[in-house]
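One structure below.
The values are calculated or read from the model by the stated rules, or taken from the named source; none is laboratory data. Model, not experiment: these values are computed from the prediction. Cβ placement follows ideal geometry from the backbone for every residue including glycine, while neighbour counts extend to all protein chains displayed. Heavy atoms of the whole protein, side chains included, go into the accessibility calculation; ligands, DNA and RNA do not. Shrake-Rupley method; radii C 1.70, N 1.55, O 1.52, S 1.80 Å.
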Amino acid sequence: MRIVVFGAGGRAGRRIVAEAGTRGHEVTGVSHRPGDWTVGDVTDPASVASLVTGQDVVVMAASRYEPGFFPRAATALTAGMAKAGVARLVAVGIGTTLETPEGVPLYETPGFPEDARAFTLGHVEELGVLRESGLDWVVLAPPPLFLNDEPATGRHRLGGRTSPADETFGYADLAAAVVDEAELPTRHRELVSVTTL
């Protein structure tokens, strides 16, 4: 397959590029910073269209602590992918957008840390843009904890919208789950958790 990964220079993106490459896919890693990757801007529809043309799957792993970044990126991906005729998007989400067993979003629960609210709400806005799009998208959200750098466990699986109870989870398992969904889509137009339980 031909897979383009936006955010290839980040902690998740680097591992997704490596995982896809190990499985024999033709991978184009994209970063907004010059360096080892193809330079591109995930918030610019024209840049997105030029980079995703001819690709089979687009992976969104870019992350910036800028107000409005996530909805801008989702809007550009929607427009650019439509222009290029590419439908499948696998995006890396954030665990704080998942829900309690009672169905309450974690960011709306008592005691939710204020310093995480803006970043989380950016992801919520991203989901809103994707729901209005015509893309075949899925957002994979790991547990709401700091991910580790341990090797993949091989036990990752997709859940629902409820936050998993994992006490540890790693970037390698997240990367494997992303590439699994790129290779053989099982979830469509939804936010789902990734867990090792």
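For the reader, a short list of remarks on this structure follows.
- Among the GluC sites (Glu not before Pro) within region 90-197, those in coil by DSSP and having at most 13 neighbouring Cβ atoms inside 10 Å are GLU102, GLU167.
- Space enclosed by the convex hull of the alpha-carbon atoms of region 131-197, per residue, Å³: 87 Å³
- If you wrap the Cα atoms of the chain in a convex hull and average its projected area over all directions, you get 10.3 nm².
- What the chain shows is 46 Å² of accessible area per residue, with the surface traced by a 1.4 Å probe over protein heavy atoms.
- In the calculated pair-distance distribution of region 13-94, the portion above 23 angstrom amounts to 15 percent of the Cα-Cα pairs.
- Span-like helix ranges in the chain, DSSP H, alpha carbon extent 30 angstrom or more, Kyte mean at least 1.0: none
- Euclidean distance between Cα centres, region 138-197 to region 22-64, Å: 21 Å
- Carbon plus sulfur fraction of accessible area for the chain, probe 1.4 Å, in percent: 54 percent
- With the highest mean first, a sort of the peptides 169-180, 134-145, 25-36 on other beta-carbon atoms found within 10 angstrom per residue produces 169-180, 134-145, 25-36.
- Kirkwood hydrodynamic radius of region 84-132, from the reciprocal of the average inverse Cα-Cα distance over all distinct pairs: 12.2 Å.
- For the chain, averaging the sequence separation of C-alpha pairs within contact (under 8 Å, six or more residues apart) and dividing by the residue count gives a relative contact order of 21 percent.
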